[in-house]
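Enquirer: Take a look at the following structure, please.
The values are calculated or read from the model by the stated rules, or taken from the named source; none is laboratory data. The structure presented is a predicted model; accordingly, all values stated were derived computationally and were not measured. Neighbour counts are summed over all protein chains in view; Cβ atoms, including those assigned to glycine, are modelled from backbone coordinates with ideal geometry. To get the accessible areas, we keep the full protein, side chains included, count just its heavy atoms, and leave off ligands, DNA and RNA. Shrake-Rupley method; radii C 1.70, N 1.55, O 1.52, S 1.80 Å.
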Amino acid sequence: MTNKRDQLILGIETSCDETAVAIIKNGREIIANVVASQIESHKRFGGVVPEIASRHHVEQITIVLEEALRQGQLKMEDIDAIAVTEGPGLVGALLIGVNAAKALAFAHEKPLVNVHHIAGHIYANRLVNEMEFPLLALVVSGGHTELVYMKEHGHFEVIGETRDDAAGEAYDKVARVLNLPYPGGPHIDRLAHEGTPDLDLPRAWLEPGSYDFSFSGLKSAVINTVHNAEQRGETIAPETLAASFQESVIDVLVTKAIQAAEEYKVKQVLLAGGVAANKGLRTALTTKFQKHEGIELVIPPLSLCTDNAAMIAAAGSVLYEKGQRADLMLNGNPGLDITIHNNWG
Ligand code: KG4
Ligand code: ZN
């Protein structure tokens, strides 16, 4: 049920291979959440093909929008503002969502709020638990691996990021070497639980005190291990490789997240992004943070970890309240910086 005083935000997300529209009430309650995934179309190419992604978004966007309004039993007149992913992502894919949002904003005279995709991933957590500041978000997706410090709503400070591959990217590349289907992350996760981490793989700690990450060395080490074994006519059990690789990734992510959470004296640690669906990572973080009194760990359900529009509407809700607005010149921006949100309000 909604009433006139409720704030209703319609979110649109098309940055990669999911066409998604959602409606969120008062920043925290999901009224409708529709995701049309294109994974099946990209699978046979072993990754996302940008042109195919754009075409699917064009075909799906109005269907997904109508379905979200139907689920919520709402009309466009009931909506307070339209939030849309401006970037980062594939430019042709972003453009479909941005243009749909602009057309709706223009036709229905609604405010338009531009949202950074990672701000959305972080705000997926607010659909689970209210945020308490200061907080730290561990963002692990296909394109990003970051530690983001937030002193208040809508203010993002990146205190560490990957210098090369994102965690999800490393998962997908290692999965390819093991001949697993795209996206590889969930397959490695499953295999890792069937094996033991017997291989000694590197962990890139970088300089003391740095919260940056690096996963390309680990990825190369896995590839070299597989090739060297092949040359000797041997095979290494994929379960052993997956378990060893996953242990190395999780060790670095969890250790750095705990160090940063302590140094920045945060009240909460939020997990965000597609790799947040990783069972090993969820378990390792839960176990470690159980020992930390005073720091609450928040982990979204699997459906809110991978790309969706509920998270974009959730972030859009606080940005709208802060007064952030985009005009009809808004464009998709593949290299958008999350700090664009910091100067509003
Ligand atoms: O956030 P997301 O849906 O898209 C981006 O914004 O990048 O993340 C997709 C990434 C892919 O690399 C996928 O392999 C990874 O998340 N992923 C996982 C798991 N589920 C999805 N990685 C590890 N373990 C998982 N269970
Ligand atoms: Zn994402």
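Enquirer: Find how many whole Å separate the alpha carbon centroid of the range 237-264 from the alpha carbon centroid of the range 176-200.
Expert: Here the two parts' Cα centres lie 15 Å apart.
Enquirer: Residue by residue, what Karplus-based ³J(HN,Hα) values in Hz, rounded to whole numbers, does the range 123-129 have, using 6.51, -1.76 and 1.60 with θ = phi - 60° and x for Gly and Pro?
Expert: Whole-Hz 3J(HN,Hα) from phi for the range 123-129: 6, 4, 5, 6, 7, 9, 9.
Enquirer: Under 21 Å between C-alpha atoms is the cut-off here; go through the range 217-345 and count lysine pairs that meet it, provided they're at least eight residues apart or on different chains.
Expert: 13
Enquirer: For residue 326, which sequence-distant residues (separation of 5 or more, or a different chain) have an amide H within less than 5 Å of its own amide H, given hydrogens modelled in the peptide plane?
Expert: Under 5 Å from the amide H of residue 326: 112, 113, 114.
Enquirer: Also, I was wondering about something else. Amide H neighbours of residue 165 under 5 Å, at least 5 residues apart or on other chains, H built in the peptide plane: list them.
Expert: Amide H neighbours of residue 165: 215, 216.
Enquirer: Next question, about the same structure. Could you tell me which trypsin sites (Lys or Arg not before Pro) in the range 1-82 are loop residues by DSSP with no more than 16 other beta carbons within 10 angstrom of their beta carbon?
Expert: Passing sites in the range 1-82 are 4, 5, 28, 44, 75.
Enquirer: Averaged per residue, what accessible area in Å² does the chain show with a 1.4 Å probe, protein chains only?
Expert: On the way: 14830 Å² over 345 residues.
Value returned for the chain: 43 Å² of accessible area per residue.
Enquirer: Taking 0.36 nm per intervening residue step and subtracting the Cα-Cα distance, what contour gain separates residue 283 from residue 267 on full extension? Mind dumping the intermediate values first?
Expert: On the way: separation 16, 0.36 × 16 = 5.76 nm, distance 1.98 nm.
Full extension of this stretch gives 3.8 nm more.
Enquirer: On to the next question. Rounded to whole Hz and in sequence order, give me ³J(HN,Hα) for the range 88-98 from the Karplus expression 6.51 cos²θ - 1.76 cosθ + 1.60, θ = phi - 60°, writing x for Gly and Pro.
Expert: x, x, 7, 4, x, 6, 4, 4, 5, x, 4
Enquirer: Ignoring any ligand, DNA or RNA, what whole percent of the accessible area of the range 132-299 comes from carbon and sulfur when the probe is 1.4 angstrom? Intermediate values should be presented prior to the final figure.
Expert: Numbers: 3580 of 7360 Å².
Heavy-atom surface of the range 132-299 belonging to carbon and sulfur, 1.4 Å probe: 49 percent.
Enquirer: Also, quick follow-up: Around residue 296, which amide H atoms from residues at least 5 apart in sequence, or from another chain, sit under 5 Å from its own amide H, with H modelled in the peptide plane?
Expert: Answer set, sorted by chain and number: 268, 269.
Enquirer: Once phi is turned into θ = phi - 60°, what whole-Hz ³J(HN,Hα) does the Karplus curve with 6.51, -1.76 and 1.60 give for every residue of the range 10-17, x standing for Gly and Pro?
Expert: 9, x, 10, 9, 9, 6, 9, 10
Enquirer: Right, here's the next one. How much length, in nm to one decimal, is gained on full extension between residue 235 and residue 29, taken as 0.36 nm per residue of separation minus their Cα-Cα distance? Please report the intermediate quantities before stating the final value.
Expert: Details: separation 206, 0.36 × 206 = 74.16 nm, distance 4.97 nm.
Separation in residues times 0.36 nm, less the Cα-Cα distance, equals 69.2 nm.
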